[in-house]
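Notes follow once the structure below has been shown.
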Amino acid sequence: MPEEEKTQVQSDHFLTLLSWEAPEYEYYEKNKDWYWSVGIVTIGFFILAIILKNWLFSIMVLISGFAVAMYGSKKPKIVQFSITSRGIKADKILYPFDNLKYFWINYDPPHIRELYLVSKKTLTTQISIPLGHIDPNEIREHLIKFIEEKEIEESLFDTIARFFRF
């Protein structure tokens, strides 16, 4: 193995305190009515765009409706999460503790089992990590040593997505 590859591999080794697997998002089985609803809303906005003679918007509505239907049918992949000595890792993405302000565990089974992180970065302010079937108290025990715990409200996007079973 070349020397530079060894350095890269060695720099990724750090102490894993806790790890778990979970789907990247909660998946709801979609029935025909869900797809019909997406289609009707898409066609409604498309007709509105045509009436207003906004051709660009009409094209965007069709593309958006198709994208929503395709994304809604996509099954989530299983992701490996871990709390390490340097931060929180989601597959190959590391959220260093230095870049995180605080965390909150939103736990109301069976529907809500998530870890919310607030980042110091301006573009990625709130990060939502599914807990799967791990005990939230274990996660809290480890995180409280590194970052502050503070109640965080569920984002509007997450609330809307849950309501529409997206």
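Please return the longest range in the chain lying between exposed loop sites, taking GluC sites (Glu not before Pro), DSSP loop only, at most 12 other beta-carbon atoms within 10 Å, and leaving the sites out. Walk me through the numbers before you get to the answer.
Numbers: sites that count: Glu29, Glu151, Glu153.
It works out to 30-150.
For the chain, set up a Gaussian network in which alpha carbons nearer than 10 Å are linked by springs, and say which option among Trp104, Trp36, Trp20 fluctuates the most.
Most flexible of the set in this elastic network: Trp36.
So the label point goes 7 Å from the Cα of Glu149 along Cα→C-beta, right? Which residues of segment 84-114 then have their backbone N under 17 Å from it?
Flagged as within label range: 101-109, 113-114.
Give, in nm to one decimal, the length gained when the segment between Leu52 and Ser85 is fully stretched (0.36 nm per residue of separation minus the Cα-Cα distance).
Gain on extension, Leu52 to Ser85, equals 6.3 nm.
Would you compute, from DSSP H runs of 4+ residues alone, the mean residue ellipticity of the chain at 222 nm, taking -39500 (n - 2.57) per run and dividing by the full residue count, rounded to the nearest 500? Walk me through the numbers before you get to the answer.
On the way: 5 runs with 64 residues, N = 166.
Computed mean residue ellipticity for the chain: -12000 deg cm²/dmol.
Just how large is the dipole of the chain about the Cα centre, in debye to the nearest 20, putting +1 at every Lys and Arg Cβ and -1 at every Asp and Glu Cβ? Walk me through the numbers before you get to the answer.
Numbers: 19 positive and 22 negative charges, 132 e Å.
Charge dipole of the chain: 640 debye, to the nearest 20.
Ignoring trypsin sites (Lys or Arg not before Pro) that are buried or in helix or strand per DSSP, and keeping those with at most 12 other beta carbon atoms within 10 Å, what is the longest stretch of the chain between them? Before the final figure, lay out each step's value.
Working: sites that count: Lys53, Lys74, Lys77, Lys92, Lys120, Lys121, Lys145, Lys150.
For trypsin sites (Lys or Arg not before Pro) (loop position, at most 12 other Cβ atoms within 10 Å), the longest site-free span of the chain is 1-52.
Can you run the Rg to Rh ratio on the chain? Use alpha carbon positions and the Kirkwood inverse-distance Rh. Working shown, then result.
Working: Rg = 20.3 Å, Rh = 18.7 Å.
Result for the chain is an Rg/Rh of 1.09.
How far apart, in nm, are two points set 7 Å out from the Cα along the Cα-to-Cβ line at Ala67 and at Thr125?
In this crude label model, Ala67 to Thr125 measures out at 2.2 nm.
Taking springs between alpha-carbon atoms closer than 10 angstrom, which of Tyr25, Tyr102, Tyr71 fluctuates most in the Gaussian network model of the chain?
Judging by the Gaussian network model, the answer is Tyr71.
Quick one: grab the alpha carbon gyration tensor of segment 8-72, order the square roots of its eigenvalues as a ≥ b ≥ c, and give me rounded if a/c is under 1.5, else prolate or oblate depending on whether a/b is larger than b/c.
On the way: a/c = 6.08, a/b = 2.32, b/c = 2.61.
Here segment 8-72 falls in the oblate category.
With θ taken as phi - 60° and the coefficients 6.51, -1.76 and 1.60, list the Karplus ³J(HN,Hα) couplings across segment 92-97 in order, rounded to whole Hz; mark glycine and proline as x.
Running phi through 6.51 cos²θ - 1.76 cosθ + 1.60 with θ = phi - 60° gives 9, 9, 10, 9, x, 4 Hz.
Which Cα, out of Asn106, Thr125, Ala67, lies furthest along the positive dipole direction of the chain (beta carbon charges, K/R +1, D/E -1)?
Of the options given, the answer is Ala67.
Bear in mind that the values in this text are calculations on the coordinates, not laboratory data. Quantities reported herein were computed from a predicted structural model and do not represent experimental measurements. So basically every Cβ, Gly included, is an ideal-geometry build from the backbone, and we count neighbours across all protein chains shown.
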